[in-house]
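For reference, the structure discussed in these notes is given below.
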Amino acid sequence: MSIDTVAVVPYPAEMVERYSSVVGRRTIAEEFWAIAAKHPDATALVTPDAQLTYEQLDFSSDRVAIGLRELGLEPGERVLMQFTNCAWAVIAWYGLIKAGLVPVATLAQHREHELFEIGRQCEPAAHLIEAGFPGQDLVALARGAAGRTPSMRVLMTVGASEPPEGAIAIESLEHAGLDDPVAAGAQARELHEEIGPDDVATLQLSGGTTSTPKLIPRRHAEYWLNARLYAEGMQLAAGDFVPHLLPVIHNAGIVCGLHAAHSQGAAFGTCPPTPEGFTALVRRAAPTHLMMAPPIQKMVDSTPELKARLQSLRLIIWVLGKLPAEVIGEWERDGRVIGQMFGQSEGLCMITPLDAPAEIRHSCVGRPLSELDEVRILEPGTEQPVEPGEPGELCCRGPYTIRGYYRAPERNREAFTADGFYRTGDIVKQVDGPGGPYYALADRIKDLINRGGEKVNAQEIEQLLLEHPAIAEIALVAMPDKLMGERACAFIVPASGVRAPVKEDLQMFLNALNVAKFKWPERVEHRRCLPRTNVQKVDKKRLRAEIAELLEAEARW
């Protein structure tokens, strides 16, 4: 298909030429077909209740792709995804990719506030939901979205024994096409012929620095390259097993989990993020590589069988905050290595090499995956490099980093430098060392709270809560949390003459606006005024320090 250069910013011709040595010329589907042919009998997917070989996963997703096209869905059309971690999340992903459709990485936790805006931007043709999701009524949400989205014409379900009226169970599409795997594969390949390596494969969501979510167009060849380079950095190989507990549809789930494992012929595993689900998963296969975050660490520490079964790990990649000394002491032994990484849906990924000195692996988030990745550390808001060793905003461009958001020309002018470097909003320092340079996170510019991997845009929630009649001023900041990494704390200047609102008041207000629950403030602090910088902006750095000090003092009481 030809690229819509209005919706998707193309790479300049000179960059296409420069990157041609590393960016392949196959689509994700073509890459997967090649791996499945090479490792047909190897385990490709493990969940607590299912285990599929590459041949089985390939056949199932081929037939789903055929069934999707038989529903009248056309290549390039977008599909909203709202489901949790399960085998059908993976089968559906590859089925959509093979059909030439574009998965949109929404979350099951998203509600009307988020979903309607995402639908407005991408004009989806279909919506795939987990009908039995316990967190909210996704069927009602999907019907509401369809009423607001003229392009929407197909509703599909995952995990529903009896789909609601007018919906189609995606499991039923597994019976589409021919019964013979070879014939079904040929039919799926024929349907895929018009898809090219530079076409958009998926739309991921940006945590962003604006109150409106931005869509990130990732293309087939560069997206697979991103995952393959990550897998090589982790020294993944056929026969390894990579479980992943964060949402599989997230960029990290796809790049660092699913595609990374499958680029090497390894097994990918996923499950609900519960002790019971994770334990059931690792009973089926011995994990070798794990992305560990604070919630996973706590889960493992409190589940003896789980901790015992994870002794097979060779590599742990720590994410979501500073690497705790107790994690190093507990896990970096018996030949096991702990590293860190930096990743973003917009592209650039860094990982600490396995053979890097321990002080580098424990204090830095790594170095870029590709020699063609370019990094600049700039004075925030400028295009002026900082002095060597000084902190500044991490800016990047490279073979798998986007050149612009989807249908967002105004945002693109702010988010990219004149020569196409993406402004990440993260403050880093360059650290020299053997095999470096490396980069260490120091702070962030972008106004986000990273709650267990889910990004909360502070400005979005502040704008909503300023409509509350009892709030005169508000600042939402991240407060440290041992379980989730960060949670949202609202510093409030109450309106005069009314009762100062408490946490429950704010949560009820946001609930009435159908805002996803992971965005709700989980602590409220009242102040007579908010601190200001010398240019009269709210001093959020000071507020973050203040709430951290309060939490530390409370822990000592």
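Quick note: the coordinates plus some simple rules give every number you see, no bench work behind them. Everything numeric in this text was worked out from a predicted model, so none of it was measured. Virtual Cβ from ideal backbone geometry, glycine too; neighbours counted across all protein chains shown.
Some points to look at:
- Likely footprinting exposure, E193, E74, E112, fewest C-beta neighbours within 10 Å first: E193, E74, E112
- Counting DSSP beta bridges with both ends in the chain, the antiparallel % (nearest 5): 60
- From phi via Karplus (6.51, -1.76, 1.60), per-residue ³J(HN,Hα) for the stretch 414-424 in Hz, x at Gly/Pro: 8, 8, 10, 6, 4, 9, x, 7, 7, 8, 6
- Cα gyration tensor shape of the stretch 138-192, rounded if a/c is under 1.5, else prolate or oblate by comparing a/b with b/c: oblate
- Under 5 Å between amide hydrogens, built in the peptide plane, is the criterion, and for A131 it picks out V158, A160 among residues at least 5 positions away or on other chains.
- Dipole magnitude (debye, nearest 20) for the chain, charges at Cβ of Lys, Arg, Asp, Glu: 1160
- Counting every other Cβ atom within 10 Å of each residue's Cβ, H244, H192 order from fewest to most as H192, H244.
- Only Lys, Arg, Asp and Glu carry charge here, each on its Cβ (+1 for the first two, -1 for the last two); on that basis the stretch 136-209 has a dipole of about 480 debye about its Cα centre.
- Amide H contacts of Q340: W318, T352, each under 5 Å away and 5 or more positions distant or on a separate chain (H built 1.01 Å from N in the peptide plane; Pro and chain starts excluded).
- Anisotropy class assigned to the stretch 1-158 is oblate, per the alpha carbon gyration tensor with a/c at or over the 1.5 cut-off and a/b no larger than b/c.
- Count Lys and Arg as plus one, Asp and Glu as minus one, and take only other residues whose Cβ is under 13 Å from that of Q340; the net charge is then +1.
- Neighbour net charge for A221 - beta-carbon separation under 15 angstrom, K R +1, D E -1: +1
- Percentage relative contact order, the chain, counting C-alpha pairs under 8 Å, at least six apart: 12
- Restraint check, K298/K540; K214/K541; K298/K541; K214/K446; K455/K541; K214/K298, Cα-Cα greater than 23 Å: K298/K540; K214/K541; K298/K541; K214/K298
- Relative contact order for the stretch 448-556, counting Cα pairs under 8 Å that sit 6 or more residues apart, in percent: 25
- Phi angles across the stretch 157-173 convert, under the Karplus curve 6.51 cos²θ - 1.76 cosθ + 1.60 with θ = phi - 60°, into 3J(HN,Hα) values of 10, 10, x, 9, 5, 10, x, x, 4, x, 9, 10, 6, 5, 4, 5, 6 Hz, Gly and Pro given as x.
- Normalised contact order of the stretch 55-191, rounded percent, pairs of Cα under 8 Å and 6 or more residues apart: 30
- Over all other residues within a Cβ to Cβ distance under 15 Å of P434, the charged ones net out to -1, with Lys and Arg as +1 and Asp and Glu as -1.
- DSSP beta bridge pairing in the stretch 448-556, given as percent antiparallel to the nearest 5: 80
- Backbone geometry of the stretch 285-299 corresponds, through the Karplus equation with coefficients 6.51, -1.76 and 1.60 at θ = phi - 60°, to 3J(HN,Hα) couplings of 7, 8, x, 10, 9, 9, 8, 10, 10, x, x, 6, 4, 5, 4 Hz, x marking Gly and Pro.
- Cα shape, the chain, gyration tensor, a/c 1.5 rule: rounded
- As a proxy for reagent exposure, ranking T533, T401 by other Cβ atoms within 10 Å from fewest up yields T533, T401.
- Selection of GluC sites (Glu not before Pro), the stretch 314-386, meeting DSSP coil and at most 12 other Cβ within 10 Å: E371
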